[in-house]
Amino acid sequence: MEKEDLSSGGRYKACGGAMAWELIEKIKFPVDKIDRVVEKLILHHIDGEIYSKQGKGAVIWRDKFDKFLTDMATTSGAKLKQNEELIEIKKVKSGYLINTSKSKYSANYVIAADGVNSPTLRKLKWEKFNKEDLILTITQEMGLNKKEIDERLGNDEIHLFFGIKDLIPLGYAWLFPKNDKITVGWGNQIGKIKNSRREFTKFLNIPLVNKSIKKAKLI
């Protein structure tokens, strides 16, 4: 059940989009839906060291990936209900009773895939997650032509940043080049964040990051 319309191309989701090639092969994800094939992971650490790890992977857009998984599920017999918002859910002896904007259902099990602030779990009066278990992320999509991306970040590399005490003490940040865009992201444990926007801006001003997205268009 989906409260919005996925449309023919799926729906945008803020996500770096890097994944191991083993998964690409396992689910037979189409090569023409991959934005960039990568061969190397570059790790940037607080002590100034840069570590390089070989390994094939892919950078994809989540709207294409999620739509592909949705189509796999419906092809295998799953029923997709779109534009149907959850209104009420109750736990009963036999499972769950569900009212939506369009219909009523009963189910033995419910998988709530509606985020950390899950309306489904709220309606079921589940306890809130502890701050120690939550990571806040911020993502920007920066438009830049492929030639400039290749020159700045390499044509087959993704970049991760770790261990910057006053920026990402318990988390990491990333530069994931796609075809003509760079996904710039930062994530940290909520309890250790003082000002998320200011800390994300500090990441953008790290020399390598700043150089990589210089004159890029914020999408």
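The values are calculated or read from the model by the stated rules, or taken from the named source; none is laboratory data. Nothing here was measured: the structure is a model prediction, and the numbers come from that model. Note that we place each Cβ from the backbone using ideal geometry, even for glycine, and neighbour counts take in every protein chain shown. Quick note on the areas: whole protein, heavy atoms, side chains included, nothing else; ligands and nucleic acids left out. Shrake-Rupley method; radii C 1.70, N 1.55, O 1.52, S 1.80 Å.
Scanning the range 39-69 for residues that are in a loop (DSSP other than H, G, I, E, B) and exposed (fewer than 15 other Cβ atoms within 10 Å of the Cβ) returns HIS45, ILE46, ASP47, GLY48, GLU49.
Identify the residue in the range 7-38 that is touching a Lys or Arg at 6+ places or on another chain (Cβ under 6 Å) and among the charged types (D, E, K, R) and, among all such residues, is most open to solvent (accessible area, probe 1.4 Å). Looking at residues that are touching a Lys or Arg at 6+ places or on another chain (Cβ under 6 Å) and among the charged types (D, E, K, R), I get LYS13.
For the range 115-154, residues that are in a loop (DSSP other than H, G, I, E, B), touching a residue at least 12 places away in the same chain (Cβ under 8 Å) and either on the phi < 0 side of the Ramachandran plot or loosely packed, with under 12 Cβ neighbours inside 10 Å (or both) total 6.
I'd like to verify a number: residues in the range 74-102 that are assigned to a loop (DSSP other than H, G, I, E, B) and either over 21 Å from SER7 (Cα atoms) or among the hydrophobic types (A, V, I, L, M, F, W, C) (or both), how many?
4
Of everything in the range 165-186 that is open to solvent by 10 Å² or more (accessible area, probe 1.4 Å), in contact with a strand residue (DSSP E or B) (Cβ under 8 Å, 6 or more places away or on another chain) and of a type outside the set (Phe, Trp, Tyr), the residue that is farthest from ARG197 (Cα to Cα) is ASN179. For the range 187-219, the set of residues classified as free of Cβ contacts under 8 Å to residues at least 60 places away in the same chain, surrounded by fewer than 15 Cβ atoms within 10 Å (Cβ to Cβ) and of a type outside the set (Lys, Arg) consists of ASN195, THR201, ASN205, PRO207, ASN210, listed by residue number.
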